[in-house]
1. Which of C49, C56 comes first, and how do the rest follow, when ranked by fewest Cβ neighbours within 10 Å?
2. Have a look at E170, E198, E133 and tell me which one the Gaussian network model of the chain (Cα, springs below 10 Å) gives the largest fluctuation.
3. Within a 10 angstrom radius of the beta carbon, how do D150, D76, D240 rank from fewest other beta carbons to most?
4. Fewest first, what order do T195, T219, T80 take by the number of other Cβ atoms within 10 Å?
5. From the alpha carbon gyration tensor of the chain, can you work out the equivalent ellipsoid semi-axes (sqrt of 5 times each eigenvalue) and give them in Å, largest to smallest?
6. On average, how much area does the Cα convex hull of the stretch 82-218 cover when viewed from any direction, in nm²?
7. Using only the alpha carbons of the stretch 140-247, what is the convex hull's orientation-averaged projected area in square nanometres?
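All of the numbers you see were taken from the coordinates with simple rules; none came from a lab. Just so you know, these numbers come straight off a predicted model, no measurement behind them. When we count neighbours, we look across all protein chains shown, and the Cβ atoms used for this are built from the backbone with ideal geometry, even at glycine.
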Amino acid sequence: MEEFKENTKEKNVPTHVSIIMDGNGRWAKLRGRERVYGHSNGVGSVRACVEAAIECGVRYLSLFAFSQENWGRPADEVDTLMNMIFKAIDQELGTLIKQGVRLRVLGDFSRLDPALAEAVRLAEASSIPPAGEEPVLDLVIFLSYSGKWDILQAAKSLARDYMSDPSGLEKAGPQELASRLVTAGIPDPDLIIRTSGESRISNYLLWQAAYSEFLFVDTLWPDFRKDEFRSALEEFSKRDRRYGKVK
Ligand code: IPE
Ligand code: IPE
Ligand code: MG
């Protein structure tokens, strides 16, 4: 394990890789099929990236599965997507646990169907490793998530906590807000990949992406498999991160 850790350090492996999984609809359209066909093939890419992440020594893999804006899609697509996400969690959970993966689902649960929200919470709880053991990989799924929503809910929580202590609020630093984001305790992403040729962040991790490296690839999500994941890590290893300093 120590040797493995040394290797990942030497090769400049990102601790946290995050992916905006985009292009399912276009992938299906290219094949003359309904959008849902793209979504279901995208599940295979999730599986492949989880395996690749474990093999490469990535510690956190996070995936943007459904944005707050995606609620505005036609109702049948929203329903299909939700059912597919929950079915995938249910079907993959056993394998994930065997692989040593801890599942976390983050987002605005108040907008989810209560029964589904409960099922997610149970799945998350059952993937927590026994005391004293660390997961091999944390798989974080962002569901009904948006960056502005996250910052706003954190800001409200901060304001509530300091309601009777205005001078304490004045002294609050960035960490006070970061610790109230839904990602509290998860390191910020080192690398954010977006598939499908779009070069935008689409209200994803706005705060957490402050110093992330970005990689925009043309590959549509259902085609983004192990080789593509490894290539992305290869590209990341060549980046020079300066964090505003002089090197
Ligand atoms: C990504 O694929 C999945 C979600 C956003 C939920 P899209 O459904 O956005 O596919 P395109 O971008 O229309 O091809
Ligand atoms: C971003 O993809 C959201 C997810 C991948 C979940 P979208 O397809 O919703 O983004 P836009 O509309 O092209 O910006
Ligand atoms: Mg899209």
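1. So the ranking, lowest neighbour count to highest, is C56, C49.
2. E170
3. Exposure proxy ranking, most exposed first: D240, D76, D150.
4. Taking fewest neighbouring Cβ atoms as first place, the list is T80, T219, T195.
5. 27, 24, 20
6. That works out to 10.6 nm², a quarter of the Cα hull's surface.
7. Reported value for the Cα convex hull: 8.8 nm².
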